[in-house]
Amino acid sequence: MRRKTSITLLSVGHACVDIYQGAVASLVPFFVAERAYSYAAVSGIVLAASLLSSVVQPVFGVLTDRWTMPWLLPVSTLLGGLGIALSGVGGPYALTLVFVAVSGVGVAAYHPESARVARIAGRGSHGGMGWFSVGGNLGFAAAPLMVAAVVATGGLRLTPLLVLPALVGAVLCLPVLRALEQQQSAGAGAAVWAGVDDRASFVKLSLAVVCRSIVFVGLSTFISLYAKERMGGSTAAGTAALFVLYLGGAVGSVLGGALADRWDRITVARWSYLLTAGSVAGVVFVPGPALYLCVALTSAGLYVPFSLQVTLGQDYLPSRVGTASGITLGLTVSIGGLASPLIGSLADATSLQAALSPLILMPALSWLLFRTLPEPVVPQPEPIVPQPGATAHPKGDDTDATLSHARPDHD
């Protein structure tokens, strides 16, 4: 299967999975309307989706460093969809938390292995990883529209229909996995990267991603309610703001890959975070329809570094690509959800505007951290011949682990 075809299928599958990350925030207004949940209560739902992910995703990253687990892609996709599908039919608050947490585990299991497979399929190019990330952004963007189309017409009782993207995503994984198995059996394109782990830089990178995550998850949780409040109580205004927040990420991901092909990843990410600090201030304080422009700029600014941070993490920890992916795509992103209950509690005590104001500082902190990071020097690869049928690669020594360090080439 051609490289671009594989990346395209993986990107669409990524979209199907990340619909369920976006669906959690998209369901918040409906939980408030139908079940009279407080800001703190809906923050708890977002936390349920994030908390298990923050623990489980790095664990799956460690496992994929040791064993190939391609079956995780279709299975985790189905699990992510099933949890959201059931979240609307479980009346008690505790049961809703359980179903949302199940979806979070499915999404968590998907990302480390999918990032490994995407880097193999894209041969390490920034453009390939950027297009893979675009799928996730489009899934986020589609979530509020899909939830609105389904739930707004018949209420939360129709959430079982939301399982359909999971079925599509699981099917799309299969031809890519078959092509990958054939490639590895033939030994095509295998290469080892003899790199040294830079753990200090990886920790700084992870802290920067945490700051980014706090902004994105905080806005994802409350932007629809905030826009509704600022735009005269219109539910459509809130849905539109969430759609813009998610769609802008697709633009940012493509732009990030293109800019990184022209300049280094550190420079691109650093400037992006600096500009994003200003756009977040605009989201909080600029009145009227200009809010949507500020939301779009914030989204693009937060996503320009997104795929670059994934490859940076892999290059800082070349012997633990799955672990690096699990942390940059999972743990650090999910930690943002831990801040949501604090934002919700502050909003209950004061106002949404006051609660969202501290988010302005987060991109500035990411900018400061990136000022201390070096651009990794990626060594030349050494060809290897894989053993056909091998399924385990302890400590990253097997073909499947090393393939993910394939030499970057630009699309």
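Does VAL56 satisfy the condition of being in a helix (DSSP H, G or I), surrounded by fewer than 24 Cβ atoms within 10 Å (Cβ to Cβ) and not aromatic (Phe, Trp, Tyr)? Yes: the conditions hold for VAL56.
Among the residues of the stretch 284-318, just one is farther than 29 Å from LYS228 by Cβ, modelled with pLDDT of 85 or more and of a type in the set (Ser, Thr, Tyr), namely TYR316. When the stretch 99-119 is examined, which residues are found to be in contact (Cβ under 8 Å) with a residue 40 or more places away in the chain and among the β-branched types (Val, Ile, Thr)? Passing the criteria: VAL100, VAL105, VAL107, VAL117.
Would you check if VAL196 is surrounded by fewer than 22 Cβ atoms within 10 Å (Cβ to Cβ) and modelled with pLDDT under 85?
Details: surrounded by fewer than 22 Cβ atoms within 10 Å (Cβ to Cβ): yes; modelled with pLDDT under 85: yes.
It is true that VAL196 is surrounded by fewer than 22 Cβ atoms within 10 Å (Cβ to Cβ) and modelled with pLDDT under 85.
Only one of the listed residues (THR77, THR64, THR96, THR68) is among the hydroxyl-bearing types (Ser, Thr, Tyr), in contact with a strand residue (DSSP E or B) (Cβ under 8 Å, 6 or more places away or on another chain) and crowded, with 20+ Cβ neighbours inside 10 Å. That residue is THR68. Against the definition (hydrophobic (A, V, I, L, M, F, W, C), within 30 Å of VAL55 (Cα to Cα) and not in a loop (DSSP other than H, G, I, E, B)), how does VAL295 come out, yes or no? Spelling it out, VAL295 is indeed hydrophobic (A, V, I, L, M, F, W, C), within 30 Å of VAL55 (Cα to Cα) and not in a loop (DSSP other than H, G, I, E, B).
Test GLY326 against the stated conditions and say whether it is buried (at least 23 other Cβ atoms within 10 Å of the Cβ), farther than 20 Å from TRP367 by Cβ, in contact (Cβ under 8 Å) with a residue 12 or more places away in the chain and within 15 Å of the chain's Cα centre (by Cα). Judged against the criteria, GLY326 is a match. Of the residues ALA36, ALA49, only one is of a type in the set (A, V, I, L, M, F, W, C), at pLDDT below 80 and crowded, with 22+ Cβ neighbours inside 10 Å; which? Exactly one residue qualifies, and that residue is ALA49. Counting the residues of the stretch 241-272 that are out of contact with any Leu (no Cβ under 7 Å at 6 or more places or on another chain), more than 22 Å from ASP18 (Cβ to Cβ) and either charged (D, E, K, R) or buried (at least 20 other Cβ atoms within 10 Å of the Cβ) (or both) gives 5. Does the stretch 341-348 contain any residue that is closer than 23 Å to VAL244 by Cα, crowded, with 20+ Cβ neighbours inside 10 Å and β-branched (Val, Ile, Thr)? Taking every residue of the stretch 341-348 in turn, at least one turns out to be closer than 23 Å to VAL244 by Cα, crowded, with 20+ Cβ neighbours inside 10 Å and β-branched (Val, Ile, Thr).
Of all the criteria given as (1) closer than 27 Å to GLU113 by Cβ; (2) without any contact (Cβ under 8 Å) to a residue 60 or more places away in the chain; (3) of a type in the set (Gly, Ala, Ser), the one not satisfied by SER279 is (1). For the stretch 59-90, the candidate set comprises residues that are of a type outside the set (S, T, N, Q) and not in a helix (DSSP H, G or I); within that set, the residue that is modelled with the lowest pLDDT is GLY90.
When the test is whether a residue is more than 23 Å from SER319 (Cα to Cα), buried (at least 24 other Cβ atoms within 10 Å of the Cβ) and at pLDDT 70 or above, GLY136 passes it.
Here is a check on your reading of the model: is GLN387 closer than 16 Å to PRO318 by Cβ, surrounded by fewer than 21 Cβ atoms within 10 Å (Cβ to Cβ) and modelled with pLDDT under 50?
On the way: closer than 16 Å to PRO318 by Cβ: no; surrounded by fewer than 21 Cβ atoms within 10 Å (Cβ to Cβ): yes; modelled with pLDDT under 50: yes.
The answer is no for GLN387.
The values are calculated or read from the model by the stated rules, or taken from the named source; none is laboratory data. Because the structure is predicted, anything quoted here is derived from the model rather than measured. Cβ sites come from the backbone with ideal geometry, for glycine too, and all protein chains shown count toward neighbours.
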